[in-house]
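Student: Before anything else, here's the structure in question.
The values are calculated or read from the model by the stated rules, or taken from the named source; none is laboratory data. Please read all numbers here as calculations on a predicted model, not as lab measurements. All Cβ positions, even for glycine, are placed from backbone atoms using ideal geometry, and neighbour counts span all protein chains on display. For accessibility, only protein heavy atoms count, side chains too; no ligands or nucleic acids. Shrake-Rupley method; radii C 1.70, N 1.55, O 1.52, S 1.80 Å.
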Amino acid sequence: ISFYHATELSTVASTAELFFGFVLHWHDERLAWNPSDFGGCDAFSARASLDAEKTDIWVPDLDLLNRAEGMQALPDAMADVYSTGDVEWHRLGGVKAICFF
């Protein structure tokens, strides 16, 4: 996780808006293939989203426990899928967390 900055801290509302980026890595055997069977292609990009209606691949369920506005508010982003079944998903955006000051 790379923390970039706090966009807002509110002691009245007990919230913090944070802007950050992170990369998720996972392995999904169902996405593995032999590149020689597909003209040497060893990677592709797939639509990835926490919204099941918008995603082309399975993604891990991830969110803040103390969220006011969580990961669902992040913009969708493409994921890189490799022939080994490895997936890399870069996420960048802001969340609003409930904090007790």
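Student: When only the heavy atoms of the protein chains count and the probe is 1.4 Å, how do Trp58, Trp89 rank by accessible area, highest first?
Tutor: From most accessible down to least: Trp58, Trp89.
Student: Further, regarding this structure: Mind checking which of Val87, Val12, Val23 has the largest fluctuation in a GNM of the chain, springs on alpha carbons under 10 Å?
Tutor: Val12
Student: Under 15 Å from the 7 Å Cα→Cβ point of Glu29, by amide nitrogen: which residues of the range 75-101?
Tutor: Counting only backbone N, you get 84-86.
Student: How high is the relative contact order of the chain, in percent, with contacts defined as C-alpha pairs under 8 Å that are six or more residues apart?
Tutor: 37 percent.
Student: OK, next. Using a 1.4 Å probe, how large is the accessible area of Phe44, given in Å² and rounded to the nearest 10?
Tutor: 90 Å²
Student: In square nanometres, what is one fourth of the surface area of the convex hull spanned by the alpha carbons of the range 33-101?
Tutor: Quarter of the Cα hull surface area: 5.5 nm².
Student: Now for a different question. Using the heavy atoms of the protein chains and a 1.4 angstrom probe, tell me the accessible area per residue for the chain in square angstrom.
Tutor: Per residue, the chain has 64 Å² of solvent-accessible surface.
Student: Residue-wise, which Karplus ³J(HN,Hα) couplings in Hz belong to the range 73-89, taking 6.51 cos²θ - 1.76 cosθ + 1.60, θ = phi - 60°, and x for glycine or proline?
Tutor: Going residue by residue, I get 7, 5, x, 4, 9, 6, 10, 8, 10, 10, 4, 6, x, 6, 10, 10, 10 Hz, with x marking Gly and Pro.
Student: Here is a further query. Round to a whole number: what % of the accessible area of the range 54-101 belongs to carbon and sulfur, probe 1.4 Å?
Tutor: 57 percent
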